Structures are given as structure tokens and as C-alpha cells.
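K.L.:
Before I ask anything, let me first share the structure, which is written out below as C-alpha cells.
Since every read-out is calculated from the coordinates, none of them should be taken as a lab result. Just so we're clear, the structure is a prediction, and the values are computed from it rather than from any experiment. Note that we place each Cβ from the backbone using ideal geometry, even for glycine, and neighbour counts take in every protein chain shown.
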Amino acid sequence: MQARQDSALPQFPTRGRTMRPANTSLLPVEAYTSPHWFEREQQELFAQTWQFVGMREEWSQAGHYACVDVGRAPLVIVADADGTLRAFHNICRHRGTQLLSGSGQLDSGIRCPYHSWLYSLSGVLQGLPQPDLFPDIQKTQLGLLPAAVETWKGMVFVHTDPQAVPLASWFAGLEERLSPHKPQELREAAVHRYIIRANWKVFVENYLDGYHLRYLHRHSASEYDHGRQDGRFVGLHWTFYQPLSAHGQQKAPAWNAYVPRIPDYPEHVSGAFAPMLFPNIGILATEHFWTTVHVQPVAPDHTLIELRTRLVPDVVGAKEVRTVYNAFAQSQDKPQAGRFDEGAAAQPESLLHSEDIMLEDIHVCQMTQRAMRSPAFGVGAYAKYYEDALPQYQRHILSYVPVRKEAQVAA
């Protein structure tokens, strides 16, 4: 039988069909949209890097604990009897049940809710009901599995691997490029959370993008000299600083009248620091405040952003400080601020014209994520100097989550 000729196959018109253009991004679109890629990141990136979990004062007393998921590994961080921080895999050694949830205070160790096995705050198996049922058990071999926990600048980080590279090595060389703040000497004054409809990397890449500042934030960040921004990588971590403009030096924000300059802050330094600690911890800091920006993946197209701001201890709690500061820092009194619900999503222009830096960023991140649905989506070019950080950051991601051959074919 003679093979069918190509000319006999149906011919589809190409007019009107949209083909995916070349993509300058080193990451495929699937890295921002695919559930499979998202799961790989949980296992290959987040479970393999140091992750921020809170500030040291949150474990101020013996027995204070907090549970977190690092990648897909549930961990618990607890202050033991002498106040030392310890981290464990939040799994009973008997049948693997998760031991704790949320955060709180433990009085008599860590007790499994399933069969009541009891562990000390240092992770040692202390006892179990009906021990005669386990004649061959060796309690010393069945303590909680340890994870790594360390503190840096008052920030607590955990790692699923108890033998992880020391945190000091992870942040080696960063101190001299970081802001001059001592956050451990400040006190938390405000927490704001946002759920945004965008992949977490879309938000991080926006954070690293110095090109958009003078355009998207032309009113909300007009006090800064965007032409003098200084951004560079130290290892995996991005450091960034931009000084106040002449206009900004003359027009200080209203809340500065209530929020004093941080003591011992260098007199010659005025401007904004905005580093990004790999892979997902931003810091926003000026001579008046210090804020962590915790970018937490929820789903391929949903991200939780948590901002925690610290001020000089003497002013925290003063009514006038909270009133003025919250007006500056996306308080609930502002439309769509502090949360992100269906109403906000239905009125995207309210975000774009909010003159609020965070809400403006939310708008463009969500619009970028939405555009990724189109076969016409692609990154055409990166601005020299102002967007150099984006492909470099993507290389860092790929060093943990490389593109696989099947993904390349699919793309």
C-alpha cells in the first residue's frame, strides 16, 4: 500500500494563529504556571535552602513553639528548658503522625496526640503508654529527628537538613552590603498580609526590577533618586540601595514626625535599602524602620506576602505612632489594603492608581500572571543595568530546579 503523501493531509491556515514568541527569560513559562514545577520547587528549592520563620523574641520562654512547613516538610521550632532554640521534623517516631500545629506554649514536653508518646523539649523520647508492649524498643534511638535552626540579625532561619551549611556561610559577605540596621534591637509594630494572584517568582522579580521604579511608582516613590540606585548580588543574595533625591530630602514623609530616626544610624545615610535574601525574603529598610517581606508560595498562581515592620522600642504602642504609621504602611483604612479579596480583584485600577507602592506592585504582578495564559506571552528584553538582576536570579533558581528535557520539549 502506497504511503499517504503530505499533500493529502488537511492543510490548516496559519493566518490569525498566534505562535509563542521567543522568550528572553531563562525560566520557561511553566516555571510560573505549572503545578508540577511548583511541587519540584517545594522539594528541590525550599526544602534545600535556609528559610525564615520569625524573630528570636517569639521564642522568649522555655516551651514556646511554632510549626512551619519548609517545602513539604513539617517542622517545629521550640525553646528548650534553658531557652536554646531547637528544630525538629514535626513527626512522631512511632507512626509518623504530625505532633503539633500552629504555635503556643508547652508545659511538659511534646506529646503525640495519637498514642501519647512523650518527647522532651530537647527531642528525647521520655516515655510511652504500656511500655511492656514494646519489649525491644530502644528509646535513645527514637528521639525526634533534628533539623537545623540558627539566628542571624535577630531573624530565625531553619533548614530541613541538620547538617546544612552554617547560616554564617550562607550569608557570607552580605553584612557589609546590607543595611546598617540592628533589627534585634527594634520592636515589631505592624504586620500586613496580602494574598496575590501571581506566582511567587513574579513578585520577587518585580522586587529585583529597578527599571519600573520611576514609572510605576512615579508618585508613590518620588522621594528617591532612581538614577543612583546600587544593586548587586553577593553570592545568591541581592543587595539594593537608592538614596533620597533632592526633592525627597526636602519632603520627608509625615510619619517621620512620630517615628524617630533609629539610634546610632549613620547620619550620612538616608534612603532605602531593599535586599532580597535568596530565595524569598525581602527587606525594606530606611533610617526610620525595618521591614521583612516574606514571599510565601501558596499555589502556582497564588502567593502570600507578609510584611512585618519594626520600629524604635520607645515609640511602639503609642497611639499617634500607630495611626500615622499604619496610614503609611497599607493600613486597613485604605481601600483594598492589608488583604486581597474578590472585591479588590474586580477593581484592578483601584490598585494601579492607589499611590501605594505595595498595591501598585500587586497590580502589575497579577496582570503579568494573567498574561502568561496567552500563547503570545514572552519576555522580549531586559533593560541594561536596571534589570540585570532578573536573569541572574533565574540562574540561581535553575541551579536548584533545573529545566528537564521533557519540559524543554513541552515548551
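K.L.:
Given the peptides 221-232, 135-146, arrange them by the average over their residues of other C-beta atoms within 10 Å, most packed first. The partial results should precede the final answer.
P.N.:
Working: 221-232: 16.2, 135-146: 12.4.
Ranked from most to least packed, the peptides come out as 221-232, 135-146.
K.L.:
I would also like to ask the following. Under a crude label model (7 Å from the Cα following the beta-carbon direction), how far is S103 from S374 in nanometres?
P.N.:
Going by the 7 Å Cα→Cβ label model, 4.2 nm.
K.L.:
Please list the equivalent ellipsoid semi-axes of region 46-108, computed as the square roots of five times the alpha-carbon gyration tensor eigenvalues, in descending order and whole angstrom.
P.N.:
Working: eigenvalues 71, 50, 16 Å².
Values for region 46-108, descending: 19, 16, 9 Å.
K.L.:
Give me the percent relative contact order of region 51-163, please, defined on Cα pairs under 8 angstrom at least 6 residues apart. All intermediate terms of the calculation are to be shown ahead of the outcome.
P.N.:
Numbers: 237 pairs, mean separation 31.4, N = 113.
The normalised contact order for region 51-163 reaches 28 percent.
K.L.:
Give me the Kirkwood hydrodynamic radius of region 51-163 in Å, from all C-alpha pairs, to one decimal place?
P.N.:
Details: mean 1/r = 0.0701 Å⁻¹.
Radius from the Kirkwood sum: 14.3 Å.
K.L.:
If I model a spin label as a point 7 Å beyond the Cα along the Cα-Cβ vector, how far apart are those points for D225 and Q138 in nm?
P.N.:
6.7
K.L.:
Determine, from the Cβ-Cβ distance of D80 and V298 and an R0 of 35 Å, the FRET efficiency 1/(1 + (r/R0)^6), rounded to the nearest 0.05.
P.N.:
Details: r = 32 Å, r/R0 = 0.90.
Taking R0 as 35 Å, the efficiency between D80 and V298 is 0.65.
K.L.:
Also, I was wondering about something else. Taking the mean number of other Cβ atoms within 10 Å as a proxy for protection, how do you rank 384-396, 287-299, 105-117 from highest to lowest? Can you show the working numbers first?
P.N.:
Values: 384-396: 16.7, 287-299: 19.5, 105-117: 14.9.
Answer by packing, highest mean first, reads 287-299, 384-396, 105-117.
K.L.:
Under 9 Å from the Cβ of T292, count the other residues' Cβ atoms, weight Lys and Arg +1, Asp and Glu -1, and hand me the total. Please list the in-between numbers first.
P.N.:
Values: positive: R308, R310; negative: E306.
Computed value for this residue: +1.
K.L.:
If R0 is 22 Å, what FRET efficiency do you get for E355 and A383 from their C-beta distance, rounded to 0.05? Numbers along the way, then the final one.
P.N.:
Working: r = 24 Å, r/R0 = 1.09.
The calculated FRET efficiency here is 0.40.
K.L.:
Now, a different point. Which order do peptides 95-102, 119-126 fall in by mean Cβ count within 10 Å, highest first? Please list the in-between numbers first.
P.N.:
Details: 95-102: 13.5, 119-126: 18.5.
Most protected by this proxy first, the peptides run 119-126, 95-102.
K.L.:
Right, here's the next one. Would you mind calculating the gained length between R72 and H115 on full extension (0.36 nm times residue separation, minus the Cα-Cα distance), in nm to one decimal?
P.N.:
Details: separation 43, 0.36 × 43 = 15.48 nm, distance 2.39 nm.
Full extension of this stretch gives 13.1 nm more.
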